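Heads up: the structure comes next, in structure tokens.
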Amino acid sequence: MQTSIGLALVLLLGGATSCFANTDFLRVSVECPNPGGSGILQTIDEKPNGNQSRVSTSYIDGQVDRIIVSYSGDGSNLRDRFTLSRSTSVGTKEFPAFRAFEDRANELLRFFCQADPETRQRYLDLLQANRQLLIEEKSQ
């Protein structure tokens, strides 16, 4: 029963994203930091037209230290668009943006990287469905 609910959720989310695929980025890759609390959480999102974005979140001792957002118009060469760091953002107008990226990263860290194997596999299945959807959209 639990497996069929999980599969239905993946299919529902995969189907729901297909109607937005021409305008929205779809997550295609997630790399987790080391379990010890230091390292980089990296996500890559893509559109059918080849645009890609990458968000690299650096953790030091379990706390977000720096965020680098990169973009590519054709998917071949991701270039850094901007960097936010805790030390330079605190007390500036950049700090709300830093906090928003930090909250998203921490949510993904808990939801995916620290998840039980079954939940993690469902998310990996969704990423695979997104990649397949992008392949189909590009071939049309």
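The values are calculated or read from the model by the stated rules, or taken from the named source; none is laboratory data. Every value quoted in this text rests on a predicted model; they were computed, and no experiment measured them. Neighbour counts are summed over all protein chains in view; Cβ atoms, including those assigned to glycine, are modelled from backbone coordinates with ideal geometry. Accessible surface areas use protein heavy atoms only, side chains included; no ligands, DNA or RNA. Shrake-Rupley method; radii C 1.70, N 1.55, O 1.52, S 1.80 Å.
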For residues in segment 49-65 being open to solvent by 20 Å² or more (accessible area, probe 1.4 Å) and in contact with a Leu (Cβ under 7 Å, 6 or more places away or on another chain), which is nearest to Leu84 (Cα to Cα)?
Arg54
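If you take the residues of segment 23-48 that are over 16 Å from the mean Cα position of the chain (by Cα) and open to solvent by less than 40 Å² (accessible area, probe 1.4 Å), which of them is modelled with the lowest pLDDT? Spell out how you get there, then give the answer.
So in segment 23-48, the residues over 16 Å from the mean Cα position of the chain (by Cα) come out as 23, 34-38, 48.
Filter once more, so that each one left must be open to solvent by less than 40 Å² (accessible area, probe 1.4 Å): 37, 48.
Details: Gly37: 83, Pro48: 86.
Filtering first and then ranking leaves Gly37.
Looking only at segment 93-104, decide whether some residue is in a loop (DSSP other than H, G, I, E, B), free of Cβ contacts under 8 Å to residues at least 24 places away in the same chain and surrounded by fewer than 13 Cβ atoms within 10 Å (Cβ to Cβ).
Initially, segment 93-104 is screened for residues in a loop (DSSP other than H, G, I, E, B), giving 93-94.
Still in the list and also free of Cβ contacts under 8 Å to residues at least 24 places away in the same chain: 93-94.
Subset that is surrounded by fewer than 13 Cβ atoms within 10 Å (Cβ to Cβ): 93.
Yes.
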Regarding segment 114-127, can at least one residue be identified that is assigned to a loop (DSSP other than H, G, I, E, B) and either out of contact with any Cys (no Cβ under 9 Å at 6 or more places or on another chain) or at pLDDT 95 or above (or both)?
yes
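Please tell me if Arg86 is touching a Phe, Trp or Tyr at 6+ places or on another chain (Cβ under 8 Å), open to solvent by 70 Å² or more (accessible area, probe 1.4 Å), modelled with pLDDT of 90 or more and not aliphatic (A, V, I, L, M). Write out each step before concluding.
Values: touching a Phe, Trp or Tyr at 6+ places or on another chain (Cβ under 8 Å): yes; open to solvent by 70 Å² or more (accessible area, probe 1.4 Å): no; modelled with pLDDT of 90 or more: yes; not aliphatic (A, V, I, L, M): yes.
No.
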Within segment 49-103, track down each residue that is under 21 Å from Pro33 (Cα atoms) and of a type in the set (Val, Ile, Thr).
Val55, Thr57, Ile60, Val64, Ile67, Ile68, Val69, Thr83
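Does Phe20 satisfy the condition of being in contact with a strand residue (DSSP E or B) (Cβ under 8 Å, 6 or more places away or on another chain), at pLDDT below 95 and open to solvent by 40 Å² or more (accessible area, probe 1.4 Å)?
On the way: in contact with a strand residue (DSSP E or B) (Cβ under 8 Å, 6 or more places away or on another chain): no; at pLDDT below 95: yes; open to solvent by 40 Å² or more (accessible area, probe 1.4 Å): yes.
It is false that Phe20 is in contact with a strand residue (DSSP E or B) (Cβ under 8 Å, 6 or more places away or on another chain), at pLDDT below 95 and open to solvent by 40 Å² or more (accessible area, probe 1.4 Å).
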Answer yes or no as to whether Leu133 is touching a helix residue (DSSP H, G or I) at 6+ places or on another chain (Cβ under 9 Å), surrounded by fewer than 15 Cβ atoms within 10 Å (Cβ to Cβ) and part of a helix (DSSP H, G or I).
no
Here is a list of conditions, (1) touching a helix residue (DSSP H, G or I) at 6+ places or on another chain (Cβ under 6 Å); (2) at pLDDT 95 or above, and Arg99 meets all of them except one; can you say which number that is?
(1)
